[in-house]
Protein chains: 2
Amino acid sequence: MSLQSWLASAQGDTDFPIQNLPCGVFDDGRGARMGVAIGDMILDVGAVDHGLDPALFAAPAWNAVMAAGPAVWAALRARLTDLLSDPAHRAMVAPHLVPQAGARLLMPFAVAEYTDFYAGKNHAVNVGTMFRGAENALPPNWLSIPIGYNGRASSVVVSGTPVTRPWGQVKGPDEALPRLAPSARFDLELEMGAIVGQPSQGMVSVAEADEMIFGYVLLNDWSARDIQAWEYQPLGPFQAKATATTISPWIVMKAALEPFRVATPARERPLLPYLREPGPMLYDIGLTVSLAPGGKAETVIARTNYREMYYSAAQQLAHHTTSGCAMRVGDLLGSGTISGTAKDARGSLLELSWGGKEPLTLETGETRSFLQDGDTLVLRGAAQGAGYRIGFGDCAGQVLPAIELPGWAKE
Amino acid sequence: MSLQSWLASAQGDTDFPIQNLPCGVFDDGRGARMGVAIGDMILDVGAVDHGLDPALFAAPAWNAVMAAGPAVWAALRARLTDLLSDPAHRAMVAPHLVPQAGARLLMPFAVAEYTDFYAGKNHAVNVGTMFRGAENALPPNWLSIPIGYNGRASSVVVSGTPVTRPWGQVKGPDEALPRLAPSARFDLELEMGAIVGQPSQGMVSVAEADEMIFGYVLLNDWSARDIQAWEYQPLGPFQAKATATTISPWIVMKAALEPFRVATPARERPLLPYLREPGPMLYDIGLTVSLAPGGKAETVIARTNYREMYYSAAQQLAHHTTSGCAMRVGDLLGSGTISGTAKDARGSLLELSWGGKEPLTLETGETRSFLQDGDTLVLRGAAQGAGYRIGFGDCAGQVLPAIELPGWAKE
């Protein structure tokens, strides 16, 4: 029998068995603290006898623990595993368990900088086909570089935060001049986020990059396709991606994902040596996207898997350092949209509705090309082990109507 | 007679008269502290009777003062003007003056996020002509949007920090596959940086944006043109701009620049209302770029002026918020390369040597298309008032040879 917690709700059908122990920040009305999810509870980790420097748990954010390095990550994980599995500790630990149902989950860490990649090949081919035709779908550099751009760290929010439909400059193909308008093609992007837990100065190898990663979250990179189409040449997406990026409330530590490592696919073009992987660096994590129109039942609109990526987070991070770019504790790397090959395995509405030409039909009977006001998007993900499941918690957000335009912005 | 300091070196030929009072961080061997330049000295501002909350001067960074808001900026400036002009304060203030010659200048503030724009029209036309031909020089959106992309805050360094030539993926037009190589087209970009001193959440007007700006620095956005050429489609510059961005050690507060406000040029295409300026938002600041081969005399290779910009920092900041993007204290906005119309008024070697086709001849007799190892670049800038000059201090950096490639990155 695999390892079990003495907490009944951590056994059986849960995203948070003792094998997971993901890291979050919660507030149960008594202030924001660092917590670890176990079953339907949260362990107030700073309050138990964790055996580590209390300063690591002083701020309601996991940055200090990350900065302390892999030996501390392992020590904390070993200690929590002991506390939550050995019934001898139950009386000491139980007073520090807080019901998830009564707690609000906050941003689990302070984002230093946010980089978003474009490393899913099916997504890149789909988008490229729509924008440039099937012949030129993949840019010439795509098979050699994990293409990325710097995103906006101030836009990263935790699951549950409402997302207000953005205004932006848009210009239709038949319009002479742009207009300021609420995005009419507001979309999601299903991604995983890797969190850099150790700093670097100068070039790092893929193996070193993998060791720098503290853990992973689910990530929805909300995207305004119409704003992007008008603004992105020649310097890339800017305001189209700056409204919000939602992450799951729980960081699953890399250690919890070790049993699920899988290799990136065979290379269609040889990689330069600095990008070659010394071992499997992706993870077998099943992912779904659900859409619920305001107040109505949700429909699963996409099912895919993190293993569909062409480049791993370790490869992305290694590439990120080639120029000498310093990486910092709390840097967040978005994987890029994760799409499988099947039509219902696409990680964005842009792809699912093929640019709006093939609207989806939801279980409510409504159709969607892009997001409507009131829609709630939920990303879910889990790695399935032998008798247990490693989940991330819902990565959710509801679309609110665009703000009323201030007077100075009107014609 | 205009206002004068009782400090003789603050009178006459200096970048730092009493009208300037720029903000920096220095270390004279007794620890890093916040300072204000005056003549050839630095006032240890936290140590004098400034009349403000001492917590504002606790960290060696100007972020806390910025966060305190425009009323505090004005109060500090008024108090320092009084202390340094009225001889009655001399005995009290003089012990807190430190010679600039004996102090090391450090990063004046913690960069929250760094955004770089592309808002100089002559530069955009020059680069566009080289890359896309004269017919398509300006992208279709350029006259409507202050085009920008997110840069890498961790790459921002203070003047004097050496800059190591980056490695990166490059591919020549006749090569089938890319190589990892030290950049052979390493370049500067002459820019001004605007520092956001107040946060915002949601859309702000150009007038509000102007009020959020604390001050300005000189900024050199080091750029690897060969890395950029291969990587930048479709998502913009990434590693090409991540090696270093050098800023001047002194932040000139907006208040010191008020007498030098000038308007942006006439619009060639009407702007949307949210980008219209309620008054002059640029500044008349003369700028030069000098290049000194290792150990040799410097040559001024470019002379231009900040007033050459098509969009002001206030317009850029207003545009930055259209999507709802939150701005934070310490955000740094690069203006984009500042080029005049004359051939020797171009703010990058890419333009000065016309992509390497017309190498520059330096006063040493050497020629340059792009930067060579050992070259020191110095940006200088000043606004010329009636009997005084507002300067920023040198914005300098020397190019060091590329690092030796680690074994794992070799073929």
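Distances in nm, one decimal, shortest first, from A:TRP408 to the same residue in every other copy, taking the label point 7 angstrom along Cα→Cβ. Nearest first, the other copies' label points are 5.1 nm away.
Just checking the listed ones, B:GLY295, B:GLY148, B:GLY393: in the Gaussian network model of chain B with Cα springs under 10 Å, the one fluctuating most is B:GLY295.
Sorting the segments A:297-303, A:287-293, B:52-58 by their residues' average number of neighbouring beta-carbon atoms within 10 angstrom, most packed first, yields A:287-293, A:297-303, B:52-58. Global dimensions of segment A:8-106 from alpha-carbon coordinates: Rg and Dmax equal 12.6, 35 Å.
Result for chain A in a Gaussian network model with C-alpha springs under 10 Å: among A:TYR311, A:TYR274, A:TYR118, the largest mean-square fluctuation is at A:TYR274.
Note on the protein assembly as shown: percent of Cα-Cα distances in each 10 Å bin, starting at 0 and stopping at the bin with the largest distance, equals 2, 13, 22, 25, 20, 12, 5, 1, 0. Couplings for segment B:286-300, taken from phi via the Karplus curve 6.51 cos²θ - 1.76 cosθ + 1.60 with θ = phi - 60°, read x, 10, 9, 10, 10, 10, 10, x, x, x, 10, 5, 8, 10, 6 Hz in order; Gly and Pro are left as x. Within the listed set B:LEU257, B:LEU219, B:LEU379, the Gaussian network model of chain B (springs between alpha-carbon atoms below 10 Å) gives the highest mean-square fluctuation for B:LEU257. Shielding by partners for peptide B:308-315, expressed as the average number of C-beta atoms from other protein chains within 10 Å of each residue's C-beta, is 0. Looking down the axis that turns chain B into chain A, the chain B residue with its beta carbon nearest that axis, and the gap rounded to whole angstrom, comes out as B:GLY236, 1.
Between amide H atoms placed 1.01 Å from N, distances below 5 Å from B:ILE42 occur with B:VAL98, B:GLN100, all of them 5 or more places distant or on a separate chain. Inter-copy label distances at B:GLU366, using a point 7 Å along Cα-to-Cβ, come to 6.6 nm with the shortest given first. With the Cα gyration tensor of segment B:66-140 giving a ≥ b ≥ c as the square roots of its eigenvalues, does the rule (a/c under 1.5 for rounded; else a/b larger than b/c for prolate; else oblate) give rounded, prolate or oblate? In terms of gyration-tensor shape, prolate. Taken over segment A:134-226, the convex hull of the Cα atoms encloses 183 Å³ per residue. The residues A:MET203, A:MET34, sorted by heavy-atom accessible surface at 1.4 Å with ligands and nucleic acids left out, run A:MET203, A:MET34 from largest to smallest. Protein heavy-atom surface of chain A, 1.4 angstrom probe: 54% of the accessible area is carbon and sulfur, with nucleic acids and ligands not counted.
Shape descriptor for segment A:292-411: Rg over Rh equals 1.05 (Cα atoms; Rh from the Kirkwood inverse mean 1/r). Residues whose amide H comes within less than 5 Å of that of B:GLY168, counting only those at least five positions distant or on another chain, are B:ALA181, B:SER183 (H built at 1.01 Å from N in the peptide plane). When A:VAL262 is represented by a point 7 angstrom out along its Cα-to-C-beta vector, the spacings to that point in the other copies are 6.1 nm, nearest first. In order along segment A:247-264, phi translates into HN-Hα couplings of 10, 5, x, 10, 8, 7, 5, 3, 4, 6, 9, 3, x, 10, 5, 9, 7, 5 Hz, rounded to whole numbers, per the Karplus curve 6.51 cos²θ - 1.76 cosθ + 1.60 with θ = phi - 60° and x for Gly and Pro.
Summing Lys and Arg as +1 and Asp and Glu as -1 over all other residues whose Cβ lies under 12 Å from the Cβ of A:VAL127 gives a net charge of +1.
Overall, the anisotropy analysis places segment B:222-300 in the oblate class: the square-rooted eigenvalues a ≥ b ≥ c of its C-alpha gyration tensor yield a/c not less than 1.5, with a/b not exceeding b/c.
Of the trypsin sites (Lys or Arg not before Pro) found in segment B:209-299, the ones in coil according to DSSP and having at most 16 other Cβ atoms within 10 Å of their Cβ are B:ARG267, B:ARG276, B:LYS296. Classified by the C-alpha gyration tensor, segment A:342-386 has a prolate form. Its axis ratio a/c, with a ≥ b ≥ c, is 1.5 or above, and a/b is larger than b/c.
Computed on protein heavy atoms with a 1.4 Å probe, what is the summed buried accessible area for the chain pair B and A, in Å² to the nearest 100? All intermediate terms of the calculation are to be shown ahead of the outcome.
Values: alone 16840 and 16870 Å², together 27820 Å².
Interface area, both chains combined: 5900 Å², rounded to the nearest 100.
Hydrodynamic analysis of segment A:114-402 uses the Kirkwood radius over alpha carbon pairs. Inserted into Stokes-Einstein at 10 °C and 1.306 mPa s, it gives a translational diffusion coefficient of 83 µm²/s. Near A:ILE301, the amide H atoms lying under 5 Å from its own belong to A:VAL289, A:SER290, A:LEU291; only residues 5 or more places off or on other chains count, and H is placed 1.01 Å from N. The largest-to-smallest principal axis extents of the Cα set in segment B:45-175 are 69, 35, 25 Å.
The values are calculated or read from the model by the stated rules, or taken from the named source; none is laboratory data. Predicted model only: the values in this text are computed from it and were never measured. Because the Cβ atoms are built from the backbone with ideal geometry, glycine has one as well, and the counts that use them run over all protein chains shown. Only protein heavy atoms, including side chains, enter the accessible area calculation; ligands, DNA and RNA are left aside. Shrake-Rupley method; radii C 1.70, N 1.55, O 1.52, S 1.80 Å.
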